[in-house]
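What follows is calculated from the coordinates using simple rules that are stated; it is not laboratory data. If you're wondering where the values come from, they're calculated on a predicted model, not measured in any experiment. Counting neighbours? That spans all protein chains shown, and the Cβs are built from the backbone with ideal geometry, glycine included.
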Amino acid sequence: MSNFLHLKYSEKSVSVTKALTVRFLTKRFIGEYASNFESIYKKHLCLERKQLNLEIYDPCSQTQKAKFSLTSELHWADGFVIVYDISNRSSFAFAKALIYRIREPQTSHCKRAVESAVFLVGNKRDLCHVREVGWEEGQKLALDNRCQFCELSAAEQSLEVEMMFIRIIKDILINFKLKEKRRPSGSKSMAKLINNVFGKRRKSV
């Protein structure tokens, strides 16, 4: 049986996220992309003896079109990959705002049984000589908000990009197992209901 895993990508510069996605899907690096459209990528993979269908939603991430509501994505996505450019301080501030939005207390109409998996990624590690965001800053933001964290270079580190995706997919699979454990079975729920009904009747006699 196949599972659909839904990942949402968010980053201030859309070319960065598309570069990571294409690296993962094709192992190729392309540095320039059109930045005025959104994309959904699909990939079939086998992981931990499970056949999985992965969907990656890569939004149009132009600054003027960035949205912080994320209401539909919080329902749709099983995990989030939040990417910033280590040579761009403003992209880190944008990533921080997105993480705060994902992790803020959820309202009753948008409540999830298990907290979403989130991976914070500092991209363009090959540009350390013009770094504006320290590794420690990224690590602290991730720890404070229960996220995984890594720095990498989509341009130079194909294996690291693949391992990042595998790590968040494994987190999503763990969340699936937690959901199943927390979900009462039909027979147990029915037994509890019957017990409550007849228990109340016995007390009233």
Task: Segment Trp76-Trp135, length gained on full extension (0.36 nm per residue, minus Cα span) - done: 18.2 nm
Open item on the list: Can you compute 3J(HN,Hα) from phi for each residue in region 137-153, using the Karplus curve 6.51 cos²θ - 1.76 cosθ + 1.60 with θ = phi - 60°, rounded to whole Hz and x for Gly and Pro?
Closed with: 5, x, 4, 5, 4, 5, 4, 5, 10, 6, 10, 7, 8, 7, 10, 7, 10
Open item on the list: Can you give the local net charge around Gln157? Use residues other than it whose beta-carbon is closer than 12 angstrom to its beta-carbon, Lys and Arg +1, Asp and Glu -1.
Closed with: -1
TODO: Go through 135-147, 77-89, 152-164 and give me the packing order, highest mean Cβ count within 10 Å leading.
DONE: 77-89, 152-164, 135-147
- [ ] For the pairs Lys18/Lys96; Lys18/Lys177; Lys50/Lys96, note any where the Cα-Cα span goes beyond 28 Å.
- [x] Lys18/Lys177; Lys50/Lys96
